[in-house]
Structure formats: structure tokens, C-alpha cells
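Enquirer: Please see the structure below; I have some questions.
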Amino acid sequence: MLIAAPDRPLSGHDLAALAAQRFVATEVGCIYRHLFDQAFAEAGLVAPQLAAEVDSMATIVRLVAAGAGLALVPRLAIADMLDSGKLVEIPWPAPNRTASLVAIWRRRRTQPPALRQFVAVAEAAAMPLRSGDARLPRAISSLS
């Protein structure tokens, strides 16, 4: 989702207008940066100037809330900031993109409390592609 500080004025809501804005983005190589760059490239636009390039969603959120620029971030990363009014959502004028989030852990009869809590929160926030009981095929190593 596209986010901004609550008091940040925008001159337009199409991709061309957004390309003229400053953004805070993840580093090159991150899937979120790829989705960001791809949206502007597919529209035939040069990617916006970056106010900052950082490696942490928490840092991006804090910089946007402070007014450093706009950001395109996963909804999961900022839900509490939207609820508190520290950030606002701006309609994204391009097709929505998604990135898979995969969690893998070693199966045990007894899971540590922190893992149980994480799994419960993750299941409530996301839709699993595969049931937790589904078994993945074993990896086969090859010497080539």
C-alpha cells in the first residue's frame, strides 16, 4: 500500500504525479523495491527520486511518518500506524502486486510459546497456501 504522513499534500494521484514525489524505499534486491521499480517501469515512467534507501520496514515507516516522503509498503507492516493516525493510505493508481511470505520451522511435538504465538498471529493475518499438515517432498542432493 502507498503511505504518507497525514499532513503531506499531494498534487495528484496518478503514477505520473507520484513519480514527481520523493519516496523512501528498500534497497535494490528487496522484493518490495522490485515491485516499486516495476510499477513505474511498466507505466513508462522513470522511478521517483528517493529521499532515502533503507533496509528496514520500521525505518521506512518512521521516515514517512516524519514527512521524508511517500513509501510503498506491505499492509502488514503498518496497520497499527494507520489505526493510530500517524500514517495515511493513498490510493495506489497501478495494479496491485503481491509478494509471498513464507514461514518454515522445524516440526516438533511441543512448540515453544513464542512460536505458537507467532503462528497464531500469522494465520490470523494471512491465508496459508498449504495446510500445516501438508508434507513437502524431501530434497534430493545431487553431485554434479
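The values are calculated or read from the model by the stated rules, or taken from the named source; none is laboratory data. Not measured: the values here are computed from a predicted model. Positions of Cβ are generated from backbone atoms using ideal geometry, with glycine treated the same way; all protein chains shown enter the neighbour counts.
Enquirer: Report whether or not A79 is touching a residue at least 24 places away in the same chain (Cβ under 8 Å) and out of contact with any Leu (no Cβ under 7 Å at 6 or more places or on another chain).
Expert: Spelling it out, it is not the case that A79 is touching a residue at least 24 places away in the same chain (Cβ under 8 Å) and out of contact with any Leu (no Cβ under 7 Å at 6 or more places or on another chain).
Enquirer: Could you list, in sequence order, the residues of the stretch 84-115 that are modelled with pLDDT of 75 or more, loosely packed, with under 10 Cβ neighbours inside 10 Å and within 17 Å of the chain's Cα centre (by Cα)?
Expert: P91
Enquirer: Here's another thing I want to ask about it. Would you check which residues across the stretch 42-88 are under 16 Å from Y32 (Cβ atoms) and among the polar types (S, T, N, Q) and list them?
Expert: Those that are under 16 Å from Y32 (Cβ atoms) and among the polar types (S, T, N, Q): S56, T59.
Enquirer: Going by the conditions given, is A58 at pLDDT 90 or above and surrounded by 13 or more Cβ atoms within 10 Å (Cβ to Cβ)?
Expert: no
Enquirer: Out of the residues in the stretch 8-51 that are in contact with a strand residue (DSSP E or B) (Cβ under 9 Å, 6 or more places away or on another chain) and of a type in the set (D, E), which is surrounded by the most Cβ atoms within 10 Å (Cβ to Cβ)?
Expert: Going through the qualifying residues, I end up with D37.
Enquirer: Looking only at the stretch 87-108, decide whether some residue is among the aromatic types (F, W, Y) and farther than 23 Å from D7 by Cα.
Expert: yes
Enquirer: Specify which of the listed residues (L70, L15, L50, L45) is among the hydrophobic types (A, V, I, L, M, F, W, C), within 25 Å of G85 (Cβ to Cβ) and in contact (Cβ under 8 Å) with a residue 12 or more places away in the chain.
Expert: L70
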